[in-house]
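Down below is the structure, laid out as structure tokens.
The values are calculated or read from the model by the stated rules, or taken from the named source; none is laboratory data. Fair warning: this is a prediction, and the values are worked out from it, not measured in the lab. When we count neighbours, we look across all protein chains shown, and the Cβ atoms used for this are built from the backbone with ideal geometry, even at glycine. The protein model used for the area step is the full one, side chains on, heavy atoms only, and it has no ligands, DNA or RNA in it. Shrake-Rupley method; radii C 1.70, N 1.55, O 1.52, S 1.80 Å.
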Amino acid sequence: MTRHFLDIAELDGDALAAILDDALTAKAARTDKSKGAVDDDASLAGHALAMIFEKNSTRTRTSFDMAIRQLGGSSMVLESGTMQLGRGETIADTARVLSRYVDAIMIRTDDHAKLTEMADHASVPVINGLTDRSHPCQIMADMLTVLEKLNRLAGTKWAWLGDGNNVLTSIIEAGSILKFDVAVACPESLMPAPDVVTAARERGGTVEITRDPMAAVADADVVVTDTWISMGQQGGDAKLAALEPYQVTERVMAAAKPDAIFLHCLPAHRGEEVTADVIDGPQSAIWDEAENRLHAQKAILRWCFGLIG
Ligand code: CP
Ligand code: NVA
């Protein structure tokens, strides 16, 4: 059976733990190598990854490219606007054709249904590089960063402030499987998807929803936010005004645990969702978080090919 990496909730705790463990081990094993050097075991030598982008990307594009190179394989970037996909060729036909050329497909798109349609019709692993609904690769990197910084994941409390968006969906799913608590402070109009919250609670996850940012960050080990206007969304003064009380400031960080870390998937908007003194301050772990996209995705690729988990 082909292993797709579509959403955190499609994997069980053992698989997620195996990916995190593999990422930490492989990261430690290559500290003396230059970034372009192949891992000693070249575990995906001869494997090719196609990456389809229907939205902009810096980290996902670059880290997946370097990930497959470090594993001994190769990649190609396909901008949907220059593909026949951009002229109406179906996702299903694109999936069938690409499956004849490459060993895995990563896609960043808008409608989550396009991702699942790709997986339904591909005969090679399909990886979610972000959809309007979720961003699971990002949260694997975030969990890796928490493990490195705090030496534990289960039992930690993550406070999310801001828009109830795609990144939050994957955090809520991960918390319910790997047993960390998620406290969400959002405006009423920008709450996380109700089905995601319900499913997480049914799995035994603790998801606290509040309108009060200070209540969410109380005793938090991790404070996390994201852009207020995601790709493809309309901005507008009303949305920005609703989100303004959810800005992560030094006062907010001071209400969390003293050793709490700050995470942000990036790109960031200093002065909107987070102040510069927080994102550039001593509790910020954002550069390690960004680096960990690479290490997490190497492990995700290895999991897709059945090398771990
Ligand atoms: N965090 C993240 O996915 O960044 P990019 O949009 O640059 O890929
Ligand atoms: N929520 C953001 C994440 C970017 C990596 C977006 O979808 O634009």
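Quick one: Debye curve from the alpha-carbon atoms of region 227-309 only, equal weights, vacuum; give me log10 I(q)/I(0) at q = 0.12, 0.13, 0.18 Å⁻¹ to two decimals.
Summing over Cα pairs of region 227-309 leads to -0.50, -0.57, -0.85.
Roughly how big is region 1-146's charge dipole about its Cα centre, with Cβ charges of +1 (Lys, Arg) and -1 (Asp, Glu), in debye to the nearest 20?
520 debye
Relative to a virtual label point 7 Å from the Cα of Met231 in the Cα→beta-carbon direction, which members of region 159-176 show backbone nitrogen distances below 15 Å?
What the label zone holds, given the 15 Å backbone N cut-off, is 166-167.
How do Glu289, Glu79 stack up against each other in accessible area, from largest to smallest, with a 1.4 angstrom probe?
The ranking, largest first, comes out as Glu79, Glu289.
Taking the Cα atoms of the chain, what is the range of coordinates along each of the three principal axes, in descending order and whole Å?
On the principal axes, the chain reaches 52, 45, 36 Å in Cα extent.
Within the accessible area of region 142-283, what % is carbon and sulfur when the probe is 1.4 Å and the other protein chains stay in place?
52 percent
Compute the orientation-averaged projected area for region 132-259 from the convex hull of its Cα atoms and round it to one decimal in nm².
With every direction weighted equally, the projected area is 7.3 nm².
What accessible area per residue, rounded to a whole number of Å², is obtained for region 1-157 using a probe radius of 1.4 Å?
Normalised by residue count, the accessible surface of region 1-157 is 44 Å².
Semi-axes of region 1-134's equivalent ellipsoid from the Cα gyration tensor, sqrt of 5 times each eigenvalue, largest first, rounded to whole Å?
26, 17, 14
Any idea what the dipole of the chain comes to, in debye rounded to 20, about its Cα centre with Lys/Arg Cβ at +1 and Asp/Glu Cβ at -1?
Its charge dipole is roughly 640 debye.
How charged is the neighbourhood of Val274? Take every other residue with its Cβ under 10 Å from the Cβ of Val274, and add Lys/Arg as +1 and Asp/Glu as -1.
That sum, taken over residues with Cβ under 10 Å, equals -4.
Given the chain, what count of lysine pairs have C-alpha atoms under 18 Å apart, with each pair 8 or more places apart or on different chains?
Going through the chain pair by pair, I get 11.
Rounded, prolate or oblate: which fits region 3-59, taking a ≥ b ≥ c as square roots of the Cα gyration tensor eigenvalues, rounded meaning a/c under 1.5, else prolate when a/b beats b/c?
Oblate is the answer for region 3-59, as a/c is 1.5 or above yet b/c matches or exceeds a/b.
Cα centroids of region 1-23 and region 239-309: how far apart, whole angstrom?
Their Cα centres are 21 Å away from one another.
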